[in-house]
Amino acid sequence: MSSTSKSILEDQLKEVHLDIDMLINRKHELETFVEEKVQEADTLTSQIEELASQLEKQKEECKRSQAQLQKSGEQLGLNISRTRGDEENSIINIVKDIRQKSGLVGVNTLLGQI
């Protein structure tokens, strides 16, 4: 082999070694990048899990509040019905008392229309 061809091959070998070193460095950069992305993904996964847990707690609290609100509304409706019923009964009792105490026909007729 001539010295020129040997020199060319040595130069090519140096270039290949430089390329290998460059590729090794790039590989390390990419590995670091991937590790960072994995850590970011783990962090995001943890945040998603925490938010999902908070969402479930909020849903349960909302259901409890809705049930309490519905129960309160039903109780309010019952109280209003009882109050109306009591008022109607009181008016009926007043009318009966007036009829019993009064012998006036006009009053009885008038009160009978109520």
Determine the pairs where a residue that is surrounded by 10 or more Cβ atoms within 10 Å (Cβ to Cβ), located within segment 6-23, has a partner that is of a type outside the set (A, V, I, L, M) and modelled with pLDDT under 95 with Cβ atoms under 6 Å apart, the partner being 6 or more residues away or on another chain. none
Assess whether Val38 counts as being hydrophobic (A, V, I, L, M, F, W, C) and more than 49 Å from the chain's Cα centre (by Cα). no
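Got a sec? Which of Ser90, Ser72, Ser102 is modelled with pLDDT of 80 or more and among the small types (Gly, Ala, Ser)?
Details: Ser90 fails: modelled with pLDDT of 80 or more; Ser102 fails: modelled with pLDDT of 80 or more.
After ruling out the rest, the residue left standing is Ser72.
The values are calculated or read from the model by the stated rules, or taken from the named source; none is laboratory data. Quick caveat, the model's predicted, so the values are computed rather than measured. Positions of Cβ are backbone-derived with ideal geometry, glycine not excepted, and every protein chain shown enters the neighbour counts.
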